[in-house]
Amino acid sequence: MSKELYKEAIDLFGINNQLKKFREEMLECLLALERYMNDKSLDKDALKSEIADVRITLSQAEMILFANDREKNHWINKKQNKLRKHIMESRGEE
């Protein structure tokens, strides 16, 4: 269901508009995160809502930018390996 919904949004609103929407949602999430980190008494729901918006628009950006799941997984694995190496180096393991 989600892929069909996201494809419909891309087809209806266009690639550029959905990438702009992704950028907008990431910025709103960043601002909500900053507010939350600076004042922990704030309601987490605003941040949770922005994270949901980012995930939805991220899925659309993935559909636009990656040719297929194999290409997407290649980039994800590459970045996970980099994180794994960073963790090991931070622990003094190499």
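Just so you know, all these numbers are worked out from the coordinates, no wet-lab data involved. All of these numbers come straight from a predicted model, not from anything done at the bench. Counting neighbours? That spans all protein chains shown, and the Cβs are built from the backbone with ideal geometry, glycine included.
Results, tabulated for the structure shown:
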item: Pair residue 13, residue 81: separation of 7 Å Cα→Cβ label points (nm); result: 3.5
item: Under Karplus coefficients 6.51, -1.76 and 1.60, residue-wise ³J(HN,Hα) of region 84-94 in Hz, glycine/proline x; result: 4, 5, 4, 4, 4, 5, 5, 7, x, 9, 8
item: Relative contact order (%) - criterion: Cα under 8 Å, at least six apart; region: region 2-67; result: 44
item: Residues of type lysines that residue 21 reaches as a straight line, Cα spacing below 16 Å, ignoring anything fewer than 8 places off in the same chain; result: 7
item: Anisotropy class of region 28-94 from Cα gyration tensor, a/c 1.5 cut; result: oblate
item: Cα gyration tensor category, rounded, prolate or oblate, for region 2-67 with a/c compared to 1.5; result: prolate
item: Signed unit charges on C-beta, dipole axis of the chain, positive-most listed residue 2, 88, 14; result: 88
item: Estimated dipole of the chain in Debye, rounded to 20 [Cβ of Lys and Arg +1, of Asp and Glu -1, Cα centre]; result: 380
item: Candidate aspartates and glutamates - alpha carbon under 19 Å from residue 82, same-chain residues fewer than 8 apart omitted; result: 71, 93, 94
item: Aspartates and glutamates whose Cα lies under 12 Å from that of residue 72, excluding same-chain neighbours fewer than 8 positions away; result: 62
item: Under 5 Å, built H, 5+ apart or other chain: amide partners of residue 66; result: none
item: Trypsin sites (Lys or Arg not before Pro), loop per DSSP, at most 16 other Cβ atoms within 10 Å - longest free stretch of the chain; result: 41-90
item: Note, ³J(HN,Hα) from phi for region 8-15, Karplus 6.51, -1.76, 1.60, rounded to Hz, x at Gly and Pro; result: 4, 5, 4, 5, 6, 9, x, 4
